[in-house]
Amino acid sequence: KEDKTVPCLGGEQWYTQSAMRAVNQAVGRVIRHRNDYGAIILADERFSSHTLQGQMSLWLRPHIRKYQKFGAAQCELSAFFKQQAARAPSDQSALRIGGAGTGQP
């Protein structure tokens, strides 16, 4: 007779899996569609482990960067946001500041 019981996760595995689920959900709140851009900074050395990176969303894995010094990360982040701002659509008509009663469109 075949044993069909599902193996239980140990305490540490369960907490790690739950934490990584929360991390992936948080990342998904920053990047919601293909035209979104943002930076997620995971400032904990545990995220440099291949085990935890393997639990990150598949689409995110190729974009993971590890820095030894904050200055290098800050420089690349600054360049990234400048590049993304330059690529933003020039038609800003969808952005409306003001509203009803302000006399602005």
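The values are calculated or read from the model by the stated rules, or taken from the named source; none is laboratory data. In this text, all values refer to a predicted model and were calculated from it rather than measured experimentally. No Cβ is skipped: glycine too gets one built from the backbone with ideal geometry, and neighbour counts run over all protein chains shown. Side chains are part of the model used for accessible areas, which takes the heavy atoms of the whole protein and leaves out ligands, DNA and RNA. Shrake-Rupley method; radii C 1.70, N 1.55, O 1.52, S 1.80 Å.
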For this session: Please go through segment 1-43 and pick out each residue that is over 8 Å from the mean Cα position of the chain (by Cα) and of a type in the set (S, T, N, Q).
Result: Thr5, Gln13, Thr16, Gln17, Ser18, Gln25, Asn35
Seminar exercise, completed: Taking segment 19-40 and keeping residues surrounded by 11 or more Cβ atoms within 10 Å (Cβ to Cβ) and polar (S, T, N, Q) leaves Asn24
For this session: Within segment 1-52, count every residue that is over 25 Å from Arg65 (Cβ atoms) and of a type in the set (Phe, Trp, Tyr).
Result: 2
Exercise. So which residues in segment 45-75 are under 21 Å from Ile31 (Cα atoms), among the aromatic types (Phe, Trp, Tyr) and at pLDDT 90 or above?
Worked result: Phe47
Exercise. Taking Leu52, is it of a type outside the set (S, T, N, Q), open to solvent by less than 70 Å² (accessible area, probe 1.4 Å) and farther than 30 Å from Ala88 by Cβ?
Worked result: yes
Problem set entry | Filter result (within 26 Å of Ala85 (Cα to Cα) and within 13 Å of the chain's Cα centre (by Cα)) within segment 44-74 | Ser57, Leu58, Trp59, Leu60, Arg61, Pro62, His63, Ile64, Arg65
Exercise. Taking only pairs six or more apart or across chains, which ones have beta-carbon atoms under 7 Å, a first residue in segment 2-22 that is under 18 Å from Asp44 (Cβ atoms), and a second residue that is surrounded by 10 or more Cβ atoms within 10 Å (Cβ to Cβ)?
Worked result: Gln17/Leu9; Met20/Leu52; Met20/Gln55
For this session: Report yes if some residue within segment 28-42 is closer than 27 Å to Ala88 by Cβ, of a type in the set (Ser, Thr, Tyr) and not in a helix (DSSP H, G or I); otherwise report no.
Result: yes
